[in-house]
Every structure is written in structure tokens, then in C-alpha cells.
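Below: one structure, written as C-alpha cells.
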Amino acid sequence: MFPSFTRRRTPPAPVDTTREIEVAGKMLPLTIRQNSRATRMTLRIEPGGRALKLTIPQGLADREVNAFLTRHQGWLMTKLARFSGESQLEEGGSILIRGIAHRIERTGKIRGLTEAVIDGDEAILHVSGGEEHLRRRIVDFLKKEARHDLDRLVAVYAGRIGRRPKSLSLKDTRSRWGSCSADGALSFSWRIVMAPPKVIAYLAAHEVAHLQEMNHGPDFWALCEKLCPDTNDAKRWLRRNGTMLHAIDFD
């Protein structure tokens, strides 16, 4: 008798899969490539920031891929911000104001107010002064608008719970969107005015709720949602887009 041999079949090469992923409110094509020699996941932004490529170890479970992408949302938003029109702080570029992209247009006048207007179907930010002062004037405008919104919202929410904040200040903090000190001093990042109105409202409600509940326990979140029913949606928006707002360079 002759010994029998079983020929091993070479497994087929893994096929690349393509899907879309949302980053900072935009859908981008994502190519997922399995590599038998890969020991970890590697995420790459294609030239121009128009697509993404993820290389993964062969046979990796979808849940691990999804968890990886979720963890790296902030990194993606930071890196992609340089390709985004929202970070082009120059004439013809655009800036978000209450969640709406406004085209930046210089008026050509030396003096005058910075003003957000709607012209037909287009939102425009008119900026006066010299080109060298463009970014400073945009920052001044955003701070003024943030002050207007937050003063109003804080007064409404604080009135509902019978509390009064000691003070309200605006800063450009990168580590947090707002804070409430033990003595009731509220602080907010003025960049929040670039977010949609429901997100601005949530941030105001969040810090006002700390005037009563100085923690993040169940009672705090219950009060936060009572003041702002959009709390969960707003938190999700900030997780997905907050880093993008922080990444815009106003200097």
C-alpha cells in the first residue's frame, strides 16, 4: 500500500471591504484591508483627506474594528481639520456659527461690525478691517456671540432651579468645555458657539446643574436632562465633533 497524502488548500486571500464612516458630520469612504502579517490595526488618511484606509490582522472581529474606530474619532477629527473648509480662516473660507458654515467675506471697510447674515441660501460672515486682523475679528465676534447665548441660557436654567452663579467667564480651554467651581463660578469655552444651538444649550445646562449637584451621579444627569431634553444628542455631537472645534487655529 502506498501512503496517502492530503493536499492542503491555500485559503483564499482576504478581500478588501469598503464602508462609510462619519467624521465631524461628514461621510468618508473607509477601506478595510486584512493582512495576515499585521499584529495591530493601522489607520491611515488618504492624500487630501477624502478617504481612509484601515489595515487589520486577518480574521479580526467586527466589534473590535468598530471599537477601534470609535476610540480614534478624536484623532481623526484633529487630523482631518486641516483639510476642512471650516479651518480655512481666510476670505472665501468658512467658519461654523451655531452649527452653520458661514463663508468669510471681507467688507473692504476699515471700520465696521463683524456681522453674520443670510444672503439667499448662503450664510456669510462679513468682516471689516485689514486682512491681518481677520482672525482676531472673527475670534472677537465668536466670543461676543458666545457671551450672548450663554448669559441668556444660564439665567434661564439657573432660575429654574433657584440658583444664582457667582460669575460667568469665557476661556479657550482645550481640556474641557466648561466648569463650575465650588463657589459657583461658571466658565465656558467660547468655541462652543460654533456648535449647534442644542449643544450650546446642553453645555449651559450641564454647568448650571453643577450648582446643585457637584458630581456626575444619577441625580446630576437627571437634572441635566430635565433642564435640557437634548442632553444625550448633544453629548454625542460633542464626542464626534468637539475635537474638530478645538483643532481650528485662530492664532
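For the reader, a short list of remarks on this structure follows.
- Helices (runs of 4 or more DSSP H) completely within the stretch 50-168 that count 3 or more residues being without any contact (Cβ under 8 Å) to a residue 12 or more places away in the chain: 62-71, 134-160
- Selection count, the stretch 62-81, where residues are buried (at least 16 other Cβ atoms within 10 Å of the Cβ) and under 13 Å from Ala247 (Cβ atoms): 7
- Of all residues in the stretch 174-196 being charged (D, E, K, R) and either within 19 Å of Ala155 (Cα to Cα) or crowded, with 18+ Cβ neighbours inside 10 Å (or both), the one that is farthest from the chain's Cα centre (by Cα): Asp183
- Taking the stretch 15-39 as the range and being assigned to a strand (DSSP E or B), of a type in the set (Asp, Glu) and open to solvent by less than 90 Å² (accessible area, probe 1.4 Å) as the test, only Glu22 passes.
- Count of the stretch 214-248 residues, restricted to those that are surrounded by fewer than 18 Cβ atoms within 10 Å (Cβ to Cβ) and over 14 Å from the mean Cα position of the chain (by Cα), is 14.
- Residues being surrounded by 13 or more Cβ atoms within 10 Å (Cβ to Cβ) and touching a helix residue (DSSP H, G or I) at 6+ places or on another chain (Cβ under 6 Å) are represented in the stretch 97-112 by at least one member.
The values are calculated or read from the model by the stated rules, or taken from the named source; none is laboratory data. On a predicted model such as this, the values are computed, not experimentally measured, just so you know. Every residue, glycine among them, receives a Cβ derived from its backbone with ideal geometry; neighbour counts consider all protein chains shown. In case anyone asks, the SASA skips ligands and DNA or RNA and just uses the protein heavy atoms, side chains included. Shrake-Rupley method; radii C 1.70, N 1.55, O 1.52, S 1.80 Å.
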